[in-house]
Structures are given as structure tokens and as C-alpha cells.
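The values are calculated or read from the model by the stated rules, or taken from the named source; none is laboratory data. Because the structure is a prediction, the values reported are computed rather than measured. Reconstructed Cβ throughout: ideal geometry from the backbone, glycine too, with neighbour counts over all protein chains shown.
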């Protein structure tokens, strides 16, 4: 589905934020050795990853600086998804390059959820550190991580939020074991400042660096009683977007009249409150404005330190978010609004203003980072490197992607299924609660055709793929199955 902001004419002049990016993508050398000749320069690229929390794809239209710096100057991967659309499983995928059946994190909490479910010994920080990179993490880490828990190995600068993670105004960073608290401040601005400080510190050394800067916005806020509240804006943004209309209101799936054919997650829900949806959407936009400014500030810092031309800058969200589609507000469901995420990349050799419709997922990103750095991870990665896509080359890509959601009880699983260019299919344990959407004929996923006799052959084919991917690992997660059959009569 095309992003809403593509349909209008974008006009934006941002002076002095970004020079032309250098040509020539740094290819993967295939070596993980950090040993170099004495006095030789280490010209491997830097990698900086900026991530938001719960941002859906179309909200990028309200981030003009990020669009100018990364869309106009880099590549927009328009079919990028979070294949496990919930905070902690998505973040675990990004530090391991593995699906939940392999890294252990199936939900935010419960016996198979949260930071406690992840073995922290062998993650992306270790791979890059052992390969001679400087490494840094700043912002929101996996759910449940606190100051009392062990520091994952491999991070030179370890600065996650450990208290007031969802407060926005009163919070604490671990600060490499010397906690630093903020009161009546703003979390996005604090992450911006700490990220820029890390860039300046890393730039003073000869080694390349990997830096993760993971923001809280536009995730909902938790108040003092741990109740959900609207995300808080920075002071200068509190009166903005008072008339902005949520795109979800204009979708056929919004407040869907008949959800009797829909899966359990959508059935038996009340019609969403339009005023609540408007208020949440506008609050989310306000919270994203500070992230938009932080991206511009980061680019300025990279430029002033002389590192911009040799840095790959990634912008993404951990998962998408529904705002009333199928009567649902939230995530952790298998619907396009939860799966689709923004994924923008700018860096050496990436064609400015380019786009790619190649299937991409968060699981692919660690493989991509490793390929750009020329290192070999010690975990078996379930994703594919996107470097050929970034080069604009024809790439061998999967035609069927595993998608799944978790639960905080039982075996930790909820829906598990597959997504192709045309179909989304999933079931729960015991093959119950099946859902099958034909997104070519029904792009808003308002008709579940799992029980439609015309789709019997389609369902059989997709069920076979689902079963083969449920326990996949490594290359077996990326097989090409071929074109699924058409419905009978087409």
C-alpha cells in the first residue's frame, strides 16, 4: 500500500543539513579480522541505527527533516515489515538476527518474554566489538531491562533507559554503570544529546563504530499509576497538529462493521471512539517532531566530525500500529498496519531518492550490518543481507516471510503464519482461528477468505509453507517456494 505522503507533492528546503553522499557502496570483504597493518587506516564504514517505538509507516509523512535527509538522499524500502510486531521480540530480532523460535523472545513478558528470555552473551555488540568496531547503545532496550541486570558484553558505551522508561519527562539512563537521572526534562532530547556525544567520542578514535539510538516516541506514556496515557510532546510541539486527521479514519477497515469473519484478535470488539483516535494520532505526531529534529541534529554531528560520508544511517520502527482498523488500537496482531514499518537508509553509494519494493524485514538488518562491516557473526542468522538491494542490484530474495505474534502465557505463541507479495495467512496452535487475506483484491484486509472454497488450494499451499518455516533457522528461513496458486476461477 502506497504511503499517504507519496500522493502529494513534497517541497522542502533544508539548508546545511546534508552534503552529497559519497559514491561507491562499501562491499563486504568477507573478513572478520580486526587486525590491520600498523599505521593503516581502518576505512570500514560506520553504522548508525535510529529507531522509533510503535511508529506506523504513514506517520513518516509528518517528519519532513527525516524525509529530506534519508528519503531524498538515500533509499526508501517500501515493503519493510516487522515480522513479529511487538516491542521486545522485534528488538531481540535486531540484536540477534534471529526469529523468536531461535532467540527465545516471543512476547514482552511471561516465561518466554522480556529481556530475561534472551541470552545476552552472543549479540550484535559482541560481533562488532570483536571485529574492531567501537560500539554504543543509547535509549530503550528490551522490555524488563533494569540497572540491576548484567551488562551485555561487547558494548563500549552502554546507556539504556533503566527507570521511567515510558515516562517521557522523568527517567534515568544507566550511563555505563553510573546512573544519571533527569527530572522535568524530555526523553527524546536527552537521547539526542547522548547520541551526539557518543558520535563525537567515537569519531576521535581511528576505529569505525556501530551506534544504536533507540527512541521512545511515539509509544504511549505510562503515568505514575502505570496507566496508559497519550505520548507527551516536547514543550515547543504541544499545540501542533490540532486539526490533523488520522488516515485510518478513511480506510474501509476503520471501525469495521462486520468482524464476525475476522480472527480472534479483532472479533467481538467495540467500535473505536473517533475522538480518542484523533487525540492519540495527534499526540503521536507531536512526539515524533523531536525525533525528526534529533535525526537532523545527528546528521549535523556526523558531518561536523567528518564521519558522514563513510556512515550508513538507518531509520526504522520496531513495529507498526493500528489506530482503529478492524476496531483495534495497538500492535501484536498480524495486520498490515502492525507489520509495515518505515525503513530508510542513506550512506555511501546509495542512489539519492531511490526506492526498493524488495521484501525486507527487521530480521534482515543484522545480516546487512555485518555485510557492510565485512564481519562474520557468531550466531546463525535467519535474515538476508540487504546490501545488494542498497546497491540497486538484482537480489535473490525470499518469496515467503515468516510472521508471528506471541502471548504472555502457555507456550508463548499466538498467531503464526506467512506473508507473500499477495497473501497473508496465519493460524493459532492446533490450526485454529485461521485467517487468509488476499491483499491484491482486498488491500485493507476486510475479508477473511480462509474458509472460502475458492481459496482452498491457496490455503493448502500457504499452510505447507507455514509448517516448513515454523522451526526454520538460518538459510531454511529464506527458501523460494514459487508463486502461490490463484484462487479457483481466476
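List of remarks:
- Within the stretch 58-94, the residues that satisfy the criterion of being assigned to a helix (DSSP H, G or I) and under 12 Å from the mean Cα position of the chain (by Cα) are 87, 88, 89, 90, 91, 92, 93, 94.
- Residue list for the stretch 330-375, restricted to those being in contact with a helix residue (DSSP H, G or I) (Cβ under 9 Å, 6 or more places away or on another chain), under 22 Å from residue 208 (Cβ atoms) and either modelled with pLDDT under 95 or in a loop (DSSP other than H, G, I, E, B) (or both): 347, 348, 349, 350, 375
- Within the stretch 435-483, being buried (at least 18 other Cβ atoms within 10 Å of the Cβ), closer than 20 Å to residue 335 by Cα and in contact (Cβ under 8 Å) with a residue 40 or more places away in the chain holds for 435, 438, 444, 445, 446, 448, 462, 465, 466, 469.
- Selection status of residue 154, more than 23 Å from residue 297 (Cβ to Cβ), touching a helix residue (DSSP H, G or I) at 6+ places or on another chain (Cβ under 7 Å) and touching a residue at least 12 places away in the same chain (Cβ under 8 Å): yes
- Checked against the criteria, residue 399 counts as under 28 Å from residue 437 (Cα atoms) and either more than 17 Å from the chain's Cα centre (by Cα) or surrounded by 16 or more Cβ atoms within 10 Å (Cβ to Cβ) (or both).
- Filtering the stretch 89-113 to residues that are touching a strand residue (DSSP E or B) at 6+ places or on another chain (Cβ under 9 Å) and surrounded by 22 or more Cβ atoms within 10 Å (Cβ to Cβ) leaves 89, 90, 91, 93, 94, 95, 99, 100, 105, 106, 107, 113.
- Residue within the stretch 296-308 that is part of a helix (DSSP H, G or I) and free of Cβ contacts under 8 Å to residues at least 12 places away in the same chain present: yes
- Any hit, the stretch 62-77, residues being more than 17 Å from residue 314 (Cβ to Cβ) and at pLDDT 95 or above: yes
- Qualifying residue in the stretch 115-129 (condition: farther than 26 Å from residue 101 by Cα, more than 21 Å from the chain's Cα centre (by Cα) and outside any helix (DSSP H, G or I)): no
Let's see how each residue does on (1) in contact (Cβ under 8 Å) with a residue 60 or more places away in the chain; (2) farther than 30 Å from residue 437 by Cα; (3) within 22 Å of the chain's Cα centre (by Cα); (4) surrounded by fewer than 22 Cβ atoms within 10 Å (Cβ to Cβ):
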{"residue": "206", "(1), (2), (3), (4)": "yes, yes, no, yes"}
{"residue": "211", "(1), (2), (3), (4)": "yes, yes, yes, no"}
{"residue": "236", "(1), (2), (3), (4)": "no, yes, no, yes"}
{"residue": "243", "(1), (2), (3), (4)": "no, yes, no, yes"}
{"residue": "277", "(1), (2), (3), (4)": "no, no, no, yes"}
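- Filter result for residue 248 (in contact with a helix residue (DSSP H, G or I) (Cβ under 6 Å, 6 or more places away or on another chain) and either surrounded by fewer than 22 Cβ atoms within 10 Å (Cβ to Cβ) or not in a loop (DSSP other than H, G, I, E, B) (or both)): no
- Complete set of residues in the stretch 333-355 that are surrounded by fewer than 21 Cβ atoms within 10 Å (Cβ to Cβ) and more than 22 Å from residue 64 (Cβ to Cβ): 348, 349
- Any hit, the stretch 312-323, residues being buried (at least 21 other Cβ atoms within 10 Å of the Cβ), in a helix (DSSP H, G or I) and either within 22 Å of the chain's Cα centre (by Cα) or free of Cβ contacts under 8 Å to residues at least 40 places away in the same chain (or both): no
- Qualifying residues in the stretch 205-214 (those that are part of a strand (DSSP E or B) and out of contact with any helix residue (DSSP H, G or I) (no Cβ under 7 Å at 6 or more places or on another chain)) - the one nearest to residue 48 (Cα to Cα): 212
- Flag if residue 86 is more than 19 Å from residue 155 (Cβ to Cβ), in contact (Cβ under 8 Å) with a residue 40 or more places away in the chain, in contact with a helix residue (DSSP H, G or I) (Cβ under 8 Å, 6 or more places away or on another chain) and crowded, with 23+ Cβ neighbours inside 10 Å: no
- No other residue among 414, 426, 360 is within 30 Å of residue 134 (Cβ to Cβ), in contact with a strand residue (DSSP E or B) (Cβ under 6 Å, 6 or more places away or on another chain) and either touching a residue at least 12 places away in the same chain (Cβ under 8 Å) or surrounded by fewer than 20 Cβ atoms within 10 Å (Cβ to Cβ) (or both) apart from 360.
One line per residue, one yes/no per condition, for (1) surrounded by 19 or more Cβ atoms within 10 Å (Cβ to Cβ); (2) on the phi > 0 side of the Ramachandran plot:
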| position | (1), (2) |
| --- | --- |
| 137 | yes, no |
| 142 | yes, no |
| 149 | no, no |
| 153 | no, no |
| 156 | yes, no |
| 162 | yes, no |
| 165 | yes, no |
| 173 | yes, no |
| 176 | no, yes |
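- Residue 150 vs. criteria farther than 22 Å from residue 470 by Cα, part of a loop (DSSP other than H, G, I, E, B) and over 16 Å from the mean Cα position of the chain (by Cα): yes
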